[in-house]
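**Q** There's a structure below that I have some questions on.
The values are calculated or read from the model by the stated rules, or taken from the named source; none is laboratory data. Everything numeric in this text was worked out from a predicted model, so none of it was measured. Because the Cβ atoms are built from the backbone with ideal geometry, glycine has one as well, and the counts that use them run over all protein chains shown.
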Amino acid sequence: MTTTELDLPTIELISDLPGFPGLRKFVLVQFDGNGLLFDFQSLDQADVRFVVMPSVAFFPDYAPEIESDVISKLGIRAADEAWLLLIVTVGVDLKDSTVNLRAPLIVNLNTRAASQVVLADDRLSLRQPLRSD
């Protein structure tokens, strides 16, 4: 299933995002026709929103090791049921924009349950540039 085939009206987090207690329901609104950028907007508090993107859009080899308890809590049984989204810090242009590789959002494509996971791998950047040129 590709991101352009997805219809993800509501994403429900199984745990709070760090710094945003109690906000569990979000909606994904596609910014572009390619499924590269989404507005991840809280349904619990309208002024809380993030720009997110599928990891494969700019980081096709990104394959973080997710703890089995998170996978189990999300009900993910196979890799193709999981969708990795990265939170984007939007800059003036692509060269100034970054993503957080250390704390991706993982979405179960079947149930739309999700969780942000803070990874222990300190080699992963909190502010990885989208473009290096």
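**Q** Does Ile106 satisfy being surrounded by 15 or more Cβ atoms within 10 Å (Cβ to Cβ) and either more than 15 Å from Phe26 (Cβ to Cβ) or over 13 Å from the mean Cα position of the chain (by Cα) (or both)?
**A** When the stated conditions are applied, Ile106 does not pass them.
**Q** State all residues of segment 110-121 that are outside any strand (DSSP E or B) and either touching a Lys or Arg at 6+ places or on another chain (Cβ under 7 Å) or crowded, with 16+ Cβ neighbours inside 10 Å (or both); if no residue qualifies, say none. Spell out how you get there, then give the answer.
**A** Within segment 110-121, the subset outside any strand (DSSP E or B) is 110-112, 117-121.
Those that are outside any strand (DSSP E or B) and either touching a Lys or Arg at 6+ places or on another chain (Cβ under 7 Å) or crowded, with 16+ Cβ neighbours inside 10 Å (or both): Arg112, Val117, Val118, Leu119.
**Q** Determine if segment 71-78 includes at least one residue that is small (Gly, Ala, Ser) and closer than 17 Å to Arg127 by Cα.
**A** No - not one qualifying residue is present in segment 71-78.
**Q** Still on this structure: Conditions first: (1) surrounded by 17 or more Cβ atoms within 10 Å (Cβ to Cβ); (2) at pLDDT below 95; (3) not acidic (Asp, Glu). Gly33 passes all but one, so which condition is the exception?
**A** Going through (1) surrounded by 17 or more Cβ atoms within 10 Å (Cβ to Cβ); (2) at pLDDT below 95; (3) not acidic (Asp, Glu) one by one, Gly33 breaks only (1).
**Q** Just wondering, is there one or more residues in segment 12-19 that are in a strand (DSSP E or B), at pLDDT below 95 and closer than 19 Å to Ser125 by Cα? Break it down stepwise before answering.
**A** Of all residues in segment 12-19, those in a strand (DSSP E or B) come to 12-13, 17.
After this cut, where a residue has to be at pLDDT below 95 as well, the list is 17.
Subsequent filtering for residues that are closer than 19 Å to Ser125 by Cα retains 17.
Scanning segment 12-19, I find at least one residue that is in a strand (DSSP E or B), at pLDDT below 95 and closer than 19 Å to Ser125 by Cα, so the answer is yes.
**Q** Residues of segment 65-99 being touching an Asp or Glu at 6+ places or on another chain (Cβ under 9 Å) and buried (at least 17 other Cβ atoms within 10 Å of the Cβ), which ones?
**A** Passing the criteria: only Leu74.
**Q** Scan segment 88-95 and give yes if some residue there is in contact (Cβ under 8 Å) with a residue 40 or more places away in the chain and closer than 19 Å to Ala120 by Cα, otherwise no. Show your work before the answer.
**A** Applying the first criterion (in contact (Cβ under 8 Å) with a residue 40 or more places away in the chain) to segment 88-95 yields 88.
Filter again for closer than 19 Å to Ala120 by Cα, leaving none.
Scanning segment 88-95, I find no residue that is in contact (Cβ under 8 Å) with a residue 40 or more places away in the chain and closer than 19 Å to Ala120 by Cα, so the answer is no.
**Q** Here's something else I'd like to know. Considering only residues that are free of Cβ contacts under 8 Å to residues at least 40 places away in the same chain and hydrophobic (A, V, I, L, M, F, W, C), look in segment 111-133 and name the one that is nearest to Ile71 (Cα to Cα).
**A** Ala120
**Q** Identify, please: which residue in segment 30-73 is among the small types (Gly, Ala, Ser) and assigned to a loop (DSSP other than H, G, I, E, B) and is, among those, farthest from Ala103 (Cα to Cα)?
**A** Per the stated criteria, the residue is Gly33.
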